Amino acid sequence: MQLDQNPFRAMELLEQMGEIEERLRGLDCGSCGAPSCHALAEDVVRGYAVEDSCIYVLQEKLDAVMRSMLEKHDLNAKQKEGAAP
Ligand code: SF4
(Lines give C-alpha, C1' and ligand atoms only; values in the text may rest on other atoms or scores of the structure.)
Protein backbone atom coordinates (compact mmCIF):
# COMPACT_ATOMS: atom_id res chain seq x y z
CA MET A 1 0.00 0.00 0.00
CA GLN A 2 1.54 3.25 -1.13
CA LEU A 3 -0.51 6.22 0.03
CA ASP A 4 1.62 8.86 -1.70
CA GLN A 5 4.91 9.04 -3.56
CA ASN A 6 6.10 11.73 -1.18
CA PRO A 7 7.17 9.85 1.95
CA PHE A 8 6.31 12.76 4.26
CA ARG A 9 2.83 13.04 2.78
CA ALA A 10 2.47 9.25 2.98
CA MET A 11 3.30 9.41 6.70
CA GLU A 12 0.68 12.12 7.22
CA LEU A 13 -1.92 10.05 5.43
CA LEU A 14 -0.96 6.98 7.43
CA GLU A 15 -1.41 8.96 10.64
CA GLN A 16 -4.81 10.22 9.43
CA MET A 17 -5.78 6.66 8.58
CA GLY A 18 -5.03 5.59 12.14
CA GLU A 19 -7.11 8.45 13.56
CA ILE A 20 -10.04 7.58 11.29
CA GLU A 21 -9.78 3.90 12.13
CA GLU A 22 -10.00 4.72 15.83
CA ARG A 23 -13.37 6.37 15.22
CA LEU A 24 -14.72 3.35 13.32
CA ARG A 25 -16.21 0.34 15.11
CA GLY A 26 -13.65 -2.23 14.09
CA LEU A 27 -16.38 -4.71 13.22
CA ASP A 28 -15.17 -5.28 9.65
CA CYS A 29 -18.79 -5.90 8.74
CA GLY A 30 -18.49 -4.60 5.18
CA SER A 31 -21.74 -2.61 5.33
CA CYS A 32 -19.90 0.48 4.08
CA GLY A 33 -18.83 -1.32 0.93
CA ALA A 34 -15.22 -1.67 2.04
CA PRO A 35 -14.04 -5.12 3.11
CA SER A 36 -12.80 -3.84 6.48
CA CYS A 37 -12.65 -0.74 8.65
CA HIS A 38 -8.96 -0.42 7.76
CA ALA A 39 -9.86 -0.43 4.05
CA LEU A 40 -12.52 2.26 4.56
CA ALA A 41 -10.01 4.42 6.45
CA GLU A 42 -7.63 4.03 3.51
CA ASP A 43 -10.39 4.94 1.03
CA VAL A 44 -11.18 8.06 3.09
CA VAL A 45 -7.61 9.36 3.11
CA ARG A 46 -7.35 8.63 -0.61
CA GLY A 47 -10.53 10.65 -1.19
CA TYR A 48 -12.64 7.74 -2.47
CA ALA A 49 -15.04 7.61 0.48
CA VAL A 50 -16.20 9.57 3.49
CA GLU A 51 -16.20 8.54 7.12
CA ASP A 52 -20.01 8.64 7.11
CA SER A 53 -19.93 5.64 4.79
CA CYS A 54 -19.67 3.64 8.02
CA ILE A 55 -23.28 3.03 8.95
CA TYR A 56 -22.41 3.20 12.64
CA VAL A 57 -20.72 6.60 12.33
CA LEU A 58 -23.67 7.84 10.28
CA GLN A 59 -26.13 6.49 12.84
CA GLU A 60 -24.32 8.29 15.67
CA LYS A 61 -24.49 11.57 13.77
CA LEU A 62 -28.16 11.11 12.96
CA ASP A 63 -28.89 10.28 16.62
CA ALA A 64 -27.10 13.48 17.68
CA VAL A 65 -29.15 15.54 15.21
CA MET A 66 -32.36 13.88 16.41
CA ARG A 67 -31.50 14.56 20.07
CA SER A 68 -30.74 18.18 19.26
CA MET A 69 -34.06 18.57 17.42
CA LEU A 70 -35.98 16.98 20.30
CA GLU A 71 -34.27 19.28 22.82
CA LYS A 72 -35.21 22.31 20.74
CA HIS A 73 -38.75 21.03 20.39
CA ASP A 74 -39.02 20.54 24.18
CA LEU A 75 -37.55 24.00 24.79
CA ASN A 76 -40.03 25.58 22.37
CA ALA A 77 -42.91 23.74 24.03
CA LYS A 78 -41.81 24.96 27.48
CA GLN A 79 -41.45 28.53 26.22
CA LYS A 80 -44.95 28.38 24.75
CA GLU A 81 -46.34 27.03 28.04
CA GLY A 82 -44.64 29.88 29.90
CA ALA A 83 -45.95 32.46 27.44
CA ALA A 84 -49.54 31.21 27.65
CA PRO A 85 -51.86 33.51 29.55
S1 SF4 B 1 -19.55 -0.23 8.10
FE2 SF4 B 1 -18.21 0.62 9.69
S3 SF4 B 1 -17.85 -1.11 11.09
FE4 SF4 B 1 -18.57 -1.98 9.15
S5 SF4 B 1 -16.68 -2.42 7.95
FE6 SF4 B 1 -17.42 -0.38 7.35
S7 SF4 B 1 -16.25 1.00 8.69
FE8 SF4 B 1 -16.13 -1.03 9.63
Residue 34 being of a type in the set (A, V, I, L, M, F, W, C) and either surrounded by fewer than 14 Cβ atoms within 10 Å (Cβ to Cβ) or not in a helix (DSSP H, G or I) (or both): yes
Matching residues, the range 20-36, being more than 8 Å from the ligand (Cβ to nearest atom) and over 10 Å from residue 54 (Cβ atoms): 21, 22
Residues located in the range 37-63, provided they are more than 8 Å from the ligand (Cβ to nearest atom) and assigned to a loop (DSSP other than H, G, I, E, B): 47, 48, 49, 50
Residue within the range 1-18 that is of a type outside the set (D, E, K, R), at pLDDT 95 or above, within 14 Å of the chain's Cα centre (by Cα) and within 11 Å of the ligand (Cβ to nearest atom) present: no
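The values are calculated or read from the model by the stated rules, or taken from the named source; none is laboratory data. Here the structure is a predicted model, which means the values were calculated and not measured. In this analysis, Cβ positions are derived from the backbone assuming ideal geometry, glycine residues included, and neighbour counts consider all displayed protein chains.
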